Number of protein chains: 2
Amino acid sequence: MKKIINNPENVLEEMLEGMLKANPNTLKRIEGTDVIININSPIKNKVALVSGGGSGHEPAHAGFVGEGMLDGAVCGSVFTSPTPDQVFEAIKAVDSGKGTLLIVKNYTGDVMNFEMAKDLADMEGIEVDYVIVNDDVAVEDSTFTAGRRGIAGTVFVHKIAGAKASKGAELSEVKAVAEKVINNTRSMGMALSPCIVPAVGKPNFILAEDEMEIGIGIHGEPGISREKIKTADEIVKELLDNILKDIDYSNSEVAVMVNGMGSTPLMELYIANNAVYDILENKGIKIYKTFVGEYMTSLEMSGFSITLLKLDDELKELLDYETKAPFFK
Amino acid sequence: MKKIINNPENVLEEMLEGMLKANPNTLKRIEGTDVIININSPIKNKVALVSGGGSGHEPAHAGFVGEGMLDGAVCGSVFTSPTPDQVFEAIKAVDSGKGTLLIVKNYTGDVMNFEMAKDLADMEGIEVDYVIVNDDVAVEDSTFTAGRRGIAGTVFVHKIAGAKASKGAELSEVKAVAEKVINNTRSMGMALSPCIVPAVGKPNFILAEDEMEIGIGIHGEPGISREKIKTADEIVKELLDNILKDIDYSNSEVAVMVNGMGSTPLMELYIANNAVYDILENKGIKIYKTFVGEYMTSLEMSGFSITLLKLDDELKELLDYETKAPFFK
């Protein structure tokens, strides 16, 4: 296992400390927890947003903490859900009295633990609600999931719900727009090679030298097919075919995200984006804004995902709203 | 070779098109060239900045085109210098009459071709000057270089010279501050694994499963030692020892860049940053600002570099000056 680490057992702790030392004026850690929050939290008279999940998906989610996006990110061990008490600590630290929305990717452990944190908050009279993101069209049910998985589209939920909250909306309104994003977001990914969870020390799956996996999850969960590697154009077409048949995108405007899984060069992501653009243009789907880069990774997994968000005027305005979160660009 | 590409011969063209399609409101391409410029170029009464070099180092350099940083980026083939005529096209497109500064990484081909472009501009009466960045302390002379190589520290030159130009400085003043940055910037990198240039189709060097290379260049040029892989703390200490003995950093304030080479997860870069911070703090060197992420990559090479920039009040102000370049964060 070739990694820039010290003890595999300490990767979360040292990552969090390294992150805080890089961002001393914008982030702080709730002492005794693995929760990163906006240094200005709680922000008066603003609905707070908390997300999180297993680590290893950086910059998700702590890289999206900042004005206009998340108030807090709860960081579990690598590919492991954070515990309810940690989520509850985040809620207590960011809540300004206007309520907190939890943005949860659809993994059984995350859903259970964030729901339990909501129960803990309810008992203390803190108003909490949550949404579950399930944007991955690849498979129904999966290794860690009932229903569809939540992947890179989650970042659009952070962005748009974050903007809504910053503009002064109530909890119910922030939740409603988060659900609108979820209902209009679809994603699918693929991988060329696996990653190694530091504490495990071996690859999470094996692909032959000429193989790829289409529809893979962000923890290496199985996709829909294992195939001989194809060209960028063919791969993009296969991913988009699955996304576009899921909801009706005809005559619509979309935001596009081409998300690197970890070790795919930006060069290849732009090559993929070139193909995405051409296919959507040929179908008469208008691209409002495009995001190319690493947003939701899987350690050093090689591959990428495509996300389409179908927009209306409200979503466009909120997508464009300023954020200071360092990794949303 | 596992890559998200179509024909290996077309990677530059498709990357550029994918980049433009992702940034239609901020970037444009000079037709018939591989030059990307700010869509608002030439910017009236502003010294223009042009950089570039071989591709494969994305986001360098086109990702740093934008208000407050570069006006143009000349994109060569992968790991190959752009030709003088391409650099000259960039100069002609961005020059507003106030002169253009070329920021060149110290590789023999780049230096020769950018100098020839300056000669072409001289003949047409366009005022052009240039600086050569040579921040890599690892080795004197290298595969493609006489003297020291230019690596990730180049991005600090883009940022600070870009701010100076945006504030209305003259060409001589922009050049002077660029040289001040160069004189105060030192970097060194390491790799755990190689990358594959698409048109070559095989790794650019080979490391055993338990080996790393210290002091490697961003094209896989040899470093100072090939060693058994060590812990993050030990690797960081080795890189910093070399950087810190090169100029006197005692009692100084620095900007830190921990730059991923391509496939190193952000988690590991933060673990490295944690070690950087502790070592600098123990030595009484004050960290003014820290940048952790991918700035100057080598396709999918695994590894990272550390850059220290010794700051004064002028450099701090210019480092903080706003930029809209999407990949400087």
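Looking at B:PHE79 and the list (1) touching a helix residue (DSSP H, G or I) at 6+ places or on another chain (Cβ under 9 Å); (2) among the aromatic types (Phe, Trp, Tyr); (3) within 14 Å of chain A (Cβ to nearest Cβ), which single condition is not satisfied? B:PHE79 satisfies all of (1) touching a helix residue (DSSP H, G or I) at 6+ places or on another chain (Cβ under 9 Å); (2) among the aromatic types (Phe, Trp, Tyr); (3) within 14 Å of chain A (Cβ to nearest Cβ) except (1).
Residue-by-condition table, conditions (1) free of Cβ contacts under 8 Å to residues at least 40 places away in the same chain; (2) touching a Lys or Arg at 6+ places or on another chain (Cβ under 7 Å):
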| residue | (1), (2) |
| --- | --- |
| A:GLU58 | no, no |
| A:ALA62 | no, no |
| A:THR83 | yes, no |
| A:GLN86 | no, no |
| A:ASP95 | no, no |
| A:GLU115 | yes, no |
| A:GLY125 | yes, no |
| A:ASP135 | no, yes |
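Every condition in (1) without any contact (Cβ under 8 Å) to a residue 12 or more places away in the chain; (2) touching a His at 6+ places or on another chain (Cβ under 9 Å) holds for B:VAL74 except the one numbered (1).
This table checks each residue for (1) crowded, with 24+ Cβ neighbours inside 10 Å; (2) touching a residue at least 60 places away in the same chain (Cβ under 8 Å); (3) not basic (Lys, Arg).
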site	(1), (2), (3)
A:ASP129	no, no, yes
A:THR143	no, yes, yes
A:ILE160	yes, yes, yes
A:LYS167	no, yes, no
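Within 29 Å of A:MET301 (Cα to Cα) and without any contact (Cβ under 8 Å) to a residue 60 or more places away in the chain, is that true of B:SER41? For B:SER41, the condition - within 29 Å of A:MET301 (Cα to Cα) and without any contact (Cβ under 8 Å) to a residue 60 or more places away in the chain - is not met. In the stretch B:276-303, of all residues being aliphatic (A, V, I, L, M) and surrounded by 24 or more Cβ atoms within 10 Å (Cβ to Cβ), the one that is nearest to A:GLU58 (Cα to Cα) corresponds to B:VAL292. Which pairs do you get when a residue that is within 10 Å of chain B (Cβ to nearest Cβ) and part of a strand (DSSP E or B), found in the stretch A:191-218, comes within reach of a residue that is surrounded by 23 or more Cβ atoms within 10 Å (Cβ to Cβ) and at pLDDT below 95, reach meaning Cβ atoms under 6 angstrom, with the pair 6+ apart or on two chains? Filtered contacts from the stretch A:191-218: no entries. When the helices (runs of 4 or more DSSP H) confined to the stretch A:226-329 are screened for residues that are of a type in the set (Asp, Glu), more than 10 Å from every other protein chain (Cβ to nearest Cβ) and under 30 Å from B:PHE328 (Cα atoms), those reaching at least 2 such residues are found at A:313-320. Give all pairs with beta carbons closer than 9 Å in which a residue from the stretch B:5-24 that is among the aromatic types (Phe, Trp, Tyr) meets a residue that is part of a loop (DSSP other than H, G, I, E, B) and buried (at least 20 other Cβ atoms within 10 Å of the Cβ); count only pairs at least 6 apart in sequence or on separate chains. Here the result reads none, with nothing in the stretch B:5-24 linked to a residue that is part of a loop (DSSP other than H, G, I, E, B) and buried (at least 20 other Cβ atoms within 10 Å of the Cβ). Every condition in (1) within 14 Å of chain B (Cβ to nearest Cβ); (2) at negative phi; (3) crowded, with 20+ Cβ neighbours inside 10 Å is met by A:SER51 except one, and the failing one is (1). Filtered by the rule that a residue be crowded, with 24+ Cβ neighbours inside 10 Å and farther than 23 Å from A:ASN45 by Cα, the stretch A:65-103 gives A:CYS75, A:SER81, A:PRO82.
Does any residue of the stretch B:270-284 turn out to be at pLDDT 95 or above and in contact with a Pro (Cβ under 7 Å, 6 or more places away or on another chain)? No, that holds for no residue. Of everything listed in (1) within 25 Å of A:LYS289 (Cα to Cα); (2) within 14 Å of chain A (Cβ to nearest Cβ); (3) touching a helix residue (DSSP H, G or I) at 6+ places or on another chain (Cβ under 8 Å); (4) surrounded by fewer than 24 Cβ atoms within 10 Å (Cβ to Cβ), the single unmet condition for B:PRO24 is (3).
Restricting attention to the stretch A:159-190, the residues that are hydrophobic (A, V, I, L, M, F, W, C) and in a loop (DSSP other than H, G, I, E, B) total 1. Being over 22 Å from B:GLY262 (Cβ atoms), surrounded by fewer than 24 Cβ atoms within 10 Å (Cβ to Cβ), within 21 Å of the chain's Cα centre (by Cα) and among the polar types (S, T, N, Q) is a condition met by at least one residue of the stretch A:239-250. Test B:GLY109 against the stated conditions and say whether it is out of contact with any strand residue (DSSP E or B) (no Cβ under 9 Å at 6 or more places or on another chain) and surrounded by fewer than 20 Cβ atoms within 10 Å (Cβ to Cβ). Considered against the rule, which asks whether it is out of contact with any strand residue (DSSP E or B) (no Cβ under 9 Å at 6 or more places or on another chain) and surrounded by fewer than 20 Cβ atoms within 10 Å (Cβ to Cβ), B:GLY109 comes out as no.
Residues in the stretch A:1-16 include at least one that is more than 10 Å from chain B (Cβ to nearest Cβ) and either within 28 Å of A:ASN204 (Cβ to Cβ) or in a helix (DSSP H, G or I) (or both).
The values are calculated or read from the model by the stated rules, or taken from the named source; none is laboratory data. Since we're looking at a predicted model, the values are computed, not measured. We place every Cβ from the backbone using ideal geometry, glycine too, and count neighbours over all the protein chains shown.
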